[in-house]
Amino acid sequence: MDGSSGESVGGGRKGPPVSCKLPLVDYPIAVVTGASRGIGRGIAEDLSRTHTVVATYRCRRDAAESLQAATGAVPFQCDISSVADREALIAFVRERFGRLDLLVNNAGMAPRERRDILEETEESFDELIATNLKGPHFLTQLAARWMEKQGSGRIVFVTSISSYTASVNRAGYCISKAGLSMTVALYAQRLAASGVKVFEVRPGVIRTDMIAAVESAYEEKIANGLLPQRRMGEASDVARAVRAIADGLLDYSTGQVLNVDGGFHLRSL
């Protein structure tokens, strides 16, 4: 429901990043996964004001290059579900920059086809779990080992209101996001004493191409009271939450969930 990355899915060349001129200023180093479009792009654009951003993409090289041209972000092709790609990403950051200050786990995907839970296929379920849950979990494991040795770092997981909101035509997606919310709690607990802070940013209905096909339906629901704040969210709304974390404003709040959902999580009678 959140449109967490806006990343396209499918095949694509794997390998080194597209050609780029590395920044000369010694900014903190941030990795934003699924950064070529959607929420990830909004986050990368905002962070590029204060960080050197390594922006991963899966197959939309054109979008990654436009982000690079606009912000100076360093594009890196990475399928987050691939062990080899995750290892290559961390190795690249280590070799080129020598440190990692912020990891934003944003890359994700919606089901290729919405199906009732009674009709969902194992192929679809496995793909969603691999991309939305397994990939971020094990990428964070690699980053966390490094940050623990540094004695510092911040990790953000972009999840979704689907982590607790049942959509019976997107079961695998909801399950993957629910698992990701627990991943946040686990890493926050494990890394707290090491000076590494972990956060969950939980978007609601965000305007990205991931929800383009159902955007009008959501707009109607919002107008009829789905959200206490009567508007759809934008990528910039999510980026501002990540900005607060990146700036250290929440450093005594590890494990915190930031709801960026227009008040959707509120309950009223």
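Read-outs throughout are calculated quantities, based only on the coordinates presented, and are distinct from any laboratory measurement. Keep in mind it's a predicted model, so treat the numbers as computed, not measured. Every residue, glycine as well, gets a Cβ built from its backbone with ideal geometry; the counts of neighbours run over all protein chains shown.
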Using r as the Cβ-Cβ distance of Ser194 and Glu215, and R0 as 30 Å, what FRET efficiency do you calculate, to the nearest 0.05?
-> 0.10
Of the chain, which part is the longest with no GluC sites (Glu not before Pro) in a loop (DSSP not H, G, I, E, B) and with at most 16 other C-beta atoms within 10 angstrom?
-> 120-233
Environment charge at Leu249 (Cβ cut-off 12 Å; Lys +1, Arg +1, Asp -1, Glu -1) = +2
Based on the Cβ-Cβ distance of Glu119 and Arg240, what FRET efficiency does E = 1/(1 + (r/R0)^6) give at R0 = 51 Å, to the nearest 0.05?
-> 0.85
Distance from the Cα centre of segment 113-190 to that of segment 193-269, in angstrom?
-> 16 Å
With 0.36 nm assigned to each residue of separation and the Cα-Cα distance removed, Arg96 to Ser152 gains 18.3 nm
Arranged by the count of other C-beta atoms within 10 angstrom, fewest first, what order do Ile206, Ile80, Ile245 take?
-> Ile245, Ile80, Ile206
Row for segment 29-260, column shape: gyration tensor on C-alpha, a ≥ b ≥ c, rounded if a/c < 1.5 i.e. under 1.5, prolate if a/b over b/c, else oblate; value rounded
Quick one: which residues, 5 or more positions from Val156 or on another chain, have an amide H under 5 Å from its amide H? H modelled 1.01 Å from N in the peptide plane, none for Pro or chain starts.
-> Leu103, Val104, Asn105, Phe199
Residue-averaged 222 nm ellipticity for the chain, from DSSP H runs of 4+ at -39500 (n - 2.57), nearest 500 | -12000 deg cm²/dmol
Counting only residues 5 or more apart in sequence or on a different chain, those whose built amide H sits under 5 Å from that of Leu258 are Glu200, Val201, Arg202
Say a site is exposed when it is one of the chymotrypsin sites (Phe, Trp or Tyr not before Pro), sits in a DSSP loop, and has at most 15 other Cβ atoms within 10 Å; what is then the longest site-free stretch of the chain?
-> 1-163
Just subtract the alpha-carbon distance of Leu269 and Tyr252 from 0.36 nm times their residue separation and send over the number in nm, one decimal.
-> 2.8 nm
